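Just below is one structure, and these are the notes that go with it.
The values are calculated or read from the model by the stated rules, or taken from the named source; none is laboratory data. Keep in mind that what you see is a predicted model, and the values were worked out from it rather than measured. Note: ideal-geometry Cβ built from the backbone for every residue, glycine included; neighbour counts use all protein chains shown. SASA here: full protein model, heavy atoms, side chains in, ligands and nucleic acids out. Shrake-Rupley method; radii C 1.70, N 1.55, O 1.52, S 1.80 Å.
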Amino acid sequence: MFLSVFEMFKVGIGPSSSHTMGPMVAAARFLDALREAPFTASGLRASLHGSLAFTGVGHATDRATVLGLAGFRPETYDADAAEKALSRIRETRKVEPEGLPPLAFDPEKDLHFDFGPPLPGHANGIILMATDAQGDVIMRETYFSVGGGFVLTEAELKQGRDTDTGPAVPYPFKTAAEMLVMARDSGRSIAQMKRANEDSRGGPAALDRGMARIWQVMEDCIDRGLATDGTLPGGLNVRRRAKAIHDQLQAERSRNQSAPHTINDWMSVYAMAVNEENAAGGQVVTAPTNGAAGVVPAVIRYWLDHVPGASKKKIPDFLLTAAAIGGLVKYNASISGAEAGCQAEVGSAAAMAAAGLAAVMGGTPEHIENAAEIALEHHLGMTCDPVKGLVQVPCIERNGLGAVKAVSAASLALRGDGAHFVPLDACIETMRQTGADMSEKYKETALGGLAVNVPNC
């Protein structure tokens with residue numbers, strides 16, 4: 001099993017990796033297939049199913065689908081160009097993706113929200129169709145957005161194409177137990193084994209450049225969030241809070257008046273800054289998802305700014321270790337809120353962040369595995385119940401508390417010798433089972449929990 005660090009950490013746009021980035025990626029794949037087709041299409045249609053329908057408007061799924069069919073991709077997204085394209089599409093009722101003729105597409109008529117049962121296979125389904133001049137469907141494909149911006153066709157999902165199919169890597173662990181055995185046998189850290197795997201696929205230079213960009217985008221996102229106030233879009237009138245909290249913390253620090261517990265506020269405000277940017281549709285890094293994008297960068301920023309001896313030179317080790325843990329969770333359970341609730345998003349992110357922090361603070365592989373287990377265990381059962389389907393309440397604060405839990409988990413693990421009662425593999429399997437047992441109301445449908453007990457306006 002191999003999932004690249006660049007699959008776990010993708011540069012994209014908010015507010016959701018599964019509901020915004022995923023449909024855009026699916027549309028890009030469909031356009032690529034259409035360019036290779038032996039016929040010429042005249043129009044396009046799209047149908048959203050399951051969670052993509054129920055919380056699609058709040059997650060900007062409709063907008064992302066339209067832009068994806070117009071040729072936009074998450075990794076190269078240009079906000080100004082997107083606004084102009086949307087205005088043009090509304091006027092002309094056509095999309096003009098590169099390499100294809102103008103295609104008829106009226107968002108009001110050709111984008112359908114299906115609120116019936118979800119498609120078999122996954123809660124996040126999207127059907128894309130191409131039509132001829134008479135409006136008859138001449139090409140059709142079903143995609144599933146399986147979390148973190150990962151997209152599979154119906155056939156790929158059935159074939160298990162969410163697993164690695166590339167050439168062998170030096171350390172092919174698919175469980176935490178295998179990872180620990182390989183670390184003991186090789187004498188290497190988890191980060192060193194992960195680096196060797198990455199180097200075998202893309203080379204060290206590309207790996208270092210890519211990780212430097214990941215952290216730069218994360219750090220820029222934090223800084224934008226800490227400098228921006230106002231009200232978030234979507235109709236809930238949620239005020240941005242990160243800037244005001246950060247200003248208060250800086251003022252208290254200058255007066256040397258901070259209580260010891262205030263360090264939790266620093267961790268939280270870094271995460272909240274990211275998730276406010278995400279909620280506003282800004283550029284973020286999936287870590288492993290957009291809904292949980294604040295936890296990992298917040299813990300890195302906390303470590304850099306508040307922990308003696310921290311060095312940016314160790315950030316690659318943090319990211320590689322976190323990606324190794326995230327890959328185990330995705331492979332053996334889920335990182336999708338629509339599939340397993342928020343335990344799969346913020347819980348996974350906290351496990352990744354705890355592992356990364358334990359690694360850069362000198363932890364052994366056993367310490368790291370323990371840190372990840374503690375963080376994930378204490379998110380088990382967490383529901384995904386976004387009010388009005390927006391990635392705002394409770395998502396923004398939840399990332400702050402996820403960062404606090406991650407740091408606490410790493411600290412507890414480092415106080416021990418790595419031995420502990422519940423293995424990470426057992427915790428991951430428990431998360432998978434809990435997600436399977438969880439009511440659909442609590443899996444990103446906005447049909448239960450806070451979403452129905454809090455006024456939406």
Residue in region 404-420 that is outside any loop (DSSP other than H, G, I, E, B) and touching a Cys at 6+ places or on another chain (Cβ under 9 Å) present: no
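Among the listed residues LEU44, LEU48, identify the single one that is in contact with an Asp or Glu (Cβ under 7 Å, 6 or more places away or on another chain), surrounded by 23 or more Cβ atoms within 10 Å (Cβ to Cβ), over 27 Å from LYS441 (Cβ atoms) and touching a residue at least 60 places away in the same chain (Cβ under 8 Å). Full working, then the answer.
On the way: LEU48 fails: over 27 Å from LYS441 (Cβ atoms).
It is LEU44.
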Pick from region 237-277, criterion modelled with pLDDT of 95 or more, of a type in the set (A, V, I, L, M) and surrounded by fewer than 21 Cβ atoms within 10 Å (Cβ to Cβ), ranking: nearest to GLN392 (Cα to Cα): VAL238
Filter result (open to solvent by 10 Å² or more (accessible area, probe 1.4 Å) and farther than 28 Å from PHE54 by Cβ) within region 4-31: SER4, PHE6
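Per-residue answers, yes or no, for (1) open to solvent by less than 40 Å² (accessible area, probe 1.4 Å); (2) among the hydrophobic types (A, V, I, L, M, F, W, C); (3) outside any strand (DSSP E or B); (4) without any contact (Cβ under 8 Å) to a residue 60 or more places away in the chain:
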{"site": "ASP62", "(1), (2), (3), (4)": "no, no, yes, yes"}
{"site": "LEU67", "(1), (2), (3), (4)": "yes, yes, yes, yes"}
{"site": "ASP80", "(1), (2), (3), (4)": "no, no, yes, yes"}
{"site": "LYS84", "(1), (2), (3), (4)": "no, no, yes, yes"}
{"site": "PRO97", "(1), (2), (3), (4)": "yes, no, yes, no"}
{"site": "GLU108", "(1), (2), (3), (4)": "no, no, yes, yes"}
{"site": "HIS112", "(1), (2), (3), (4)": "no, no, no, no"}
{"site": "GLN134", "(1), (2), (3), (4)": "no, no, yes, yes"}
Hey, MET139 assigned to a strand (DSSP E or B), surrounded by fewer than 17 Cβ atoms within 10 Å (Cβ to Cβ) and hydrophobic (A, V, I, L, M, F, W, C) or not: yes
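For the structure I just gave you, tell me whether VAL151 is closer than 24 Å to GLU36 by Cα and either part of a loop (DSSP other than H, G, I, E, B) or under 26 Å from the mean Cα position of the chain (by Cα) (or both).
Values: closer than 24 Å to GLU36 by Cα: yes; either part of a loop (DSSP other than H, G, I, E, B) or under 26 Å from the mean Cα position of the chain (by Cα) (or both): yes.
Answer is yes for this residue.
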Residue among ARG201, ARG209, ARG195, ARG188 that alone is more than 20 Å from ALA273 (Cα to Cα), out of contact with any His (no Cβ under 8 Å at 6 or more places or on another chain) and outside any helix (DSSP H, G or I): ARG188
Options ALA338, ALA355; residue that is in a helix (DSSP H, G or I), open to solvent by less than 10 Å² (accessible area, probe 1.4 Å), touching an Asp or Glu at 6+ places or on another chain (Cβ under 8 Å) and under 22 Å from PHE2 (Cα atoms): ALA355
Unmet requirement for LYS158, which otherwise passes all of (1) farther than 30 Å from GLY356 by Cβ; (2) open to solvent by 20 Å² or more (accessible area, probe 1.4 Å); (3) not in a helix (DSSP H, G or I): (3)
Which numbered condition THR445 fails, given (1) among the polar types (S, T, N, Q); (2) assigned to a loop (DSSP other than H, G, I, E, B); (3) at pLDDT 95 or above; (4) within 22 Å of HIS122 (Cβ to Cβ): (3)
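Can you pull out every residue in region 373-400 that is closer than 25 Å to SER51 by Cα, part of a helix (DSSP H, G or I) and out of contact with any His (no Cβ under 8 Å at 6 or more places or on another chain)?
Once the filter is applied, which keeps residues that are closer than 25 Å to SER51 by Cα, part of a helix (DSSP H, G or I) and out of contact with any His (no Cβ under 8 Å at 6 or more places or on another chain), region 373-400 yields LEU376, VAL387, LYS388, CYS395, ILE396, GLU397, ARG398, ASN399, GLY400.
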Segments classed as helices (runs of 4 or more DSSP H), wholly inside region 223-325, with at least 3 members that are within 17 Å of the chain's Cα centre (by Cα): 263-279, 295-306
Single condition THR163 does not satisfy, out of (1) modelled with pLDDT under 95; (2) open to solvent by 60 Å² or more (accessible area, probe 1.4 Å): (2)
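Residue by residue through region 421-436, note down the ones that are in a loop (DSSP other than H, G, I, E, B) and without any contact (Cβ under 8 Å) to a residue 24 or more places away in the chain.
Matches in region 421-436: PHE421 only.
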Any hit, region 166-173, residues being in contact with a Leu (Cβ under 9 Å, 6 or more places away or on another chain) and on the phi < 0 side of the Ramachandran plot: yes
Positions within region 55-99 being among the aromatic types (Phe, Trp, Tyr) and at pLDDT below 95, in sequence order: TYR77
Enumeration of residues in region 359-391 that are open to solvent by less than 10 Å² (accessible area, probe 1.4 Å), touching a Leu at 6+ places or on another chain (Cβ under 6 Å) and closer than 19 Å to MET8 by Cβ: ALA372, GLU373
